[in-house]
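Trainee: I have a structure here, written as structure tokens, and I will follow up with some questions on it.
Just so you know, all these numbers are worked out from the coordinates, no wet-lab data involved. Keep in mind that this is a model prediction, so the values were computed, not measured. Note: ideal-geometry Cβ built from the backbone for every residue, glycine included; neighbour counts use all protein chains shown.
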């Protein structure tokens, strides 16, 4: 039997029972085989006695009956072997499918755990970034200047204003004060605008730094994800190779068993008991394959 070819049949083919599969219990089959062998031996002895006594018609009938029994035996043995080999291939294939389902489930859980870990790291980093940015903006507001950086013109105007007040020139002092107050507000607006511009620049740099940290984490996560996928493919490939080797080994044993049975059927001039290779030479190998 070609085990390799049979291993590629669909799983539905394994559900279809071949003729002779499970038709008798092993004990009953052994009794039936022993009874048939004893009958064939008696029939062979009867044929020989008929030849010696000249009863050739009876001898021919016995020989014909023996041929029919041998043909039936050959058909039964071949059917049993085919059924056994089909069952073995299905066992091997079904076990591989079950192991594959378990393998896939384990890897899905493994990937899910990895993605959960990545999501947790991202959430932690984003929360840290938000807190860092909030603290930065708070400090920027606290340190926002409430007084301008006075120019020489402004300071000189205030001094002149004081002199005019001392001299009693209140109208001129008032006019200068209005002008100095306007200068004050302009310089304050300018100072605060410069501060806001500096804060905006620092905020942009901080956000760029945070984005860089986020990108590093995402890249590291992507590399880890790729490594996981490569590992999964490697393990899946090894499993596939191991299964193919098992199928090839089983195929080789089944071919030899079929050849062994064929030689037995072609070479058995007298009725005899067939001893399958599966029960002798290949017994240990089948145990190693889990069959």
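Trainee: Please compute the length gained on full extension between residue 265 and residue 75, using 0.36 nm multiplied by the number of residues separating them and subtracting their Cα-Cα distance.
Mentor: Values: separation 190, 0.36 × 190 = 68.40 nm, distance 1.00 nm.
Result for the pair: 67.4 nm of gain on full extension.
Trainee: Please compute the contact order of the range 23-288 in relative form: average sequence separation of alpha-carbon pairs under 8 Å and at least six residues apart, divided by the residue count, as a percent. Intermediate results must be reported in sequence, preceding the final value.
Mentor: On the way: 99 pairs, mean separation 61.4, N = 266.
Value for the range 23-288: 23 percent.
Trainee: Hey, another quick one. Sticking to Cα atoms, compute the Rg of the range 46-85 to one decimal and its Dmax as the biggest Cα-Cα distance, whole number, in Å.
Mentor: Cα only, the range 46-85: 14.7, 46 Å (Rg, Dmax).
Trainee: Further, regarding this structure: Quick one: if the Förster radius is 51 Å, what FRET efficiency do residue 39 and residue 94 give, using the C-beta to C-beta distance and rounding to 0.05? All intermediate terms of the calculation are to be shown ahead of the outcome.
Mentor: Details: r = 39 Å, r/R0 = 0.77.
Plugging the Cβ-Cβ distance into 1/(1 + (r/R0)^6) gives 0.85.
Trainee: Given N residues in the range 23-288, what is its alpha carbon radius of gyration divided by 2.2 N^0.38 Å? Walk me through the intermediate numbers first.
Mentor: On the way: Rg = 50.0 Å, N = 266, 2.2 N^0.38 = 18.4 Å.
Output field value: 2.72.
Trainee: Right, next: What list do you get for 246, 253 if you sort them by fewest beta carbons within 10 Å?
Mentor: Values: 246 19, 253 22.
Placing the least packed residue first, the sequence is 246, 253.
Trainee: Just want the ordering: 230, 77, from fewest to most Cβ atoms lying within 10 Å of their own Cβ. Let's see the in-between values first.
Mentor: Working: 230 10, 77 18.
Ranked by crowding around the Cβ, least crowded first: 230, 77.
Trainee: Using a 10 Å cut-off around each Cβ, can you sort 245, 50 from fewest to most neighbouring Cβ atoms? Intermediate results must be reported in sequence, preceding the final value.
Mentor: Numbers: 245 10, 50 18.
Listing 245, 50 from fewest to most nearby Cβ atoms yields 245, 50.
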